């Protein structure tokens, strides 16, 4: 695991790369929210990142978050970015400030029911499978706007936008169409009158491809290994 000095250098480099990508796209760096992905990262190192200006963290698993988040101090926004099983929803709505991985109406309805019991509303993103890979979660692109309309009727959800995990390829021009596709869905969604939601978040791009995602309109990037180093082998 990296030390704090390396963490500081990595964070500085990531911020520089975000800024450069934003400028190439004619955008302001402040338009991009950095979510530091803390899967498998021990709480003391996550705390060090929070102490150095990170304000958003993303966890993949509910159980890991149940153990880790109570150990962290200071203001931060916790995002669930991994697949959410319906039997874990009751924990997720207590732990997280945003759920990015809603990919079906059944899951959305369960989140809504649990939020009603907890007397809270929760911001959510719709996960879209833009690569078409069977190994990835997410609704089909052609279903995204229909799902948005259905989810917007749920009173305890606030749909704020979309999330995707793009095709993994070292050839970033093979990855770019995934981001273009989600951006087009995002733009169309912004024209739809909504009762509860407001579309303003486009979460796409990870350590291997976030610069391309920013060039294609991402407002939020989810970066883990470029900040915390490679994850340990399972």
Identify the residue in segment 11-44 that is over 20 Å from the mean Cα position of the chain (by Cα), in contact (Cβ under 8 Å) with a residue 60 or more places away in the chain and not in a loop (DSSP other than H, G, I, E, B) and, among all such residues, is nearest to residue 96 (Cα to Cα). 13
Quickly run through segment 146-176 and pick out the residues that are farther than 15 Å from residue 196 by Cα, under 19 Å from the mean Cα position of the chain (by Cα) and not in a strand (DSSP E or B). 164, 165, 166, 167, 168, 175, 176
Check segment 55-74 and report whether any residue there is surrounded by fewer than 16 Cβ atoms within 10 Å (Cβ to Cβ), touching a strand residue (DSSP E or B) at 6+ places or on another chain (Cβ under 8 Å) and either over 24 Å from residue 209 (Cβ atoms) or at pLDDT 95 or above (or both). yes
Go over the candidates 123, 177 one by one and state the one that is under 19 Å from residue 83 (Cβ atoms) and either free of Cβ contacts under 8 Å to residues at least 40 places away in the same chain or surrounded by 14 or more Cβ atoms within 10 Å (Cβ to Cβ) (or both). 123
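Scan segment 195-210 residue by residue and report those that are surrounded by fewer than 19 Cβ atoms within 10 Å (Cβ to Cβ) and either touching a strand residue (DSSP E or B) at 6+ places or on another chain (Cβ under 7 Å) or farther than 22 Å from residue 99 by Cα (or both).
Taking segment 195-210 as the starting set, the residues that turn out to be surrounded by fewer than 19 Cβ atoms within 10 Å (Cβ to Cβ) are 195-196, 198, 200, 207-208.
Selection gives 196, 198, 200, 207, 208.
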Return yes when residue 85 is surrounded by fewer than 22 Cβ atoms within 10 Å (Cβ to Cβ) and more than 23 Å from residue 136 (Cα to Cα) and no when it is not. no
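Do we find that residue 152 is over 30 Å from residue 67 (Cβ atoms), in contact with a strand residue (DSSP E or B) (Cβ under 9 Å, 6 or more places away or on another chain) and surrounded by 15 or more Cβ atoms within 10 Å (Cβ to Cβ) in this structure? Give the derivation first.
Values: over 30 Å from residue 67 (Cβ atoms): yes; in contact with a strand residue (DSSP E or B) (Cβ under 9 Å, 6 or more places away or on another chain): yes; surrounded by 15 or more Cβ atoms within 10 Å (Cβ to Cβ): yes.
In short, yes.
The values are calculated or read from the model by the stated rules, or taken from the named source; none is laboratory data. These numbers were taken from a predicted model, which means no experiment stands behind them. Because the Cβ atoms are built from the backbone with ideal geometry, glycine has one as well, and the counts that use them run over all protein chains shown.
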